[in-house]
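A.B. asks: One structure, pasted below without further comment.
What follows draws every value from the coordinates through simple rules; no lab data is involved. Keep in mind it's a predicted model, so treat the numbers as computed, not measured. Cβ placement follows ideal geometry from the backbone for every residue including glycine, while neighbour counts extend to all protein chains displayed.
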Amino acid sequence: MTTTEFERKLVTFFNLLKKEKNYLIKGQSEKLEELVGKKEAFVPLFNAYTGEVTDKMRELIQQIQFQQEENLLLTKQAISYQEVLMQAVKDTMQSATKQTYSKSPNTPYQQQAPTSLVDTEF
């Protein structure tokens, strides 16, 4: 593979990372799976390259590393948000009560809220 071809591959990979960033920001996790497959296809190409590393390649590699780190932080942030959200829902479901009125006037009847409302499948 020539240096020009390898530079094009680096640019294409960098563009995939920017697309991944946009999907992470917009919460479009369903589109990330497709990108992972595309990213995996680049690993053998990068490992097999034995040519000269130009200044342009070094710059692209640095941009790729920075984008990878940013995407990793966004991923961790999304996971953390989901964990906090699920914990809040869990806490609310455990402490929530369902109030209705009993046969006696003005006497509320308290019953534990059903916990089956939470979809636990991710």
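A.B. asks: At 7 Å along the Cα-to-beta-carbon direction for both GLU34 and SER80, put a label point, then send me their distance in nm to one decimal.
C.D. replies: Distance between the two pseudo-spin positions: 3.0 nm.
A.B. asks: Given a cut-off of 22 Å, name the pairs among LYS26/LYS56; LYS31/LYS56; LYS31/LYS90; LYS9/LYS56; LYS21/LYS90; LYS19/LYS39 whose C-alpha atoms lie farther apart than that in the structure shown.
C.D. replies: Result: LYS26/LYS56; LYS31/LYS56; LYS31/LYS90; LYS21/LYS90 exceed 22 Å.
A.B. asks: If the cut-off is 13 Å between C-alpha atoms, which aspartates and glutamates fall inside it for LYS38, apart from same-chain ones fewer than 8 positions away?
C.D. replies: Filter leaves GLU20.
A.B. asks: What is the mean projected area of the alpha carbon convex hull for segment 1-42, to one decimal in square nanometres?
C.D. replies: That works out to 2.7 nm².
A.B. asks: With each label point set 7 Å from Cα along the Cα-Cβ vector, what nm distance links PHE46 and LYS19?
C.D. replies: Simple spin-label model gives 1.6 nm for this pair.
A.B. asks: What does the charge count near THR75 come to, summing +1 for each Lys or Arg and -1 for each Asp or Glu among other residues with Cβ under 11 Å from its Cβ?
C.D. replies: So the environment of THR75 carries a net charge of -1.
A.B. asks: Same structure again: Can you pull the one-decimal nm distance between simple spin-label points at GLN68 and THR54, each 7 Å off the Cα toward Cβ?
C.D. replies: 2.2
A.B. asks: Within segment 26-69, list the residues whose amide N lies under 13 Å from a label point set 7 Å along Cα→Cβ of VAL11.
C.D. replies: Residues 56-57, 60 qualify, since their backbone N sits under 13 Å from the label point.
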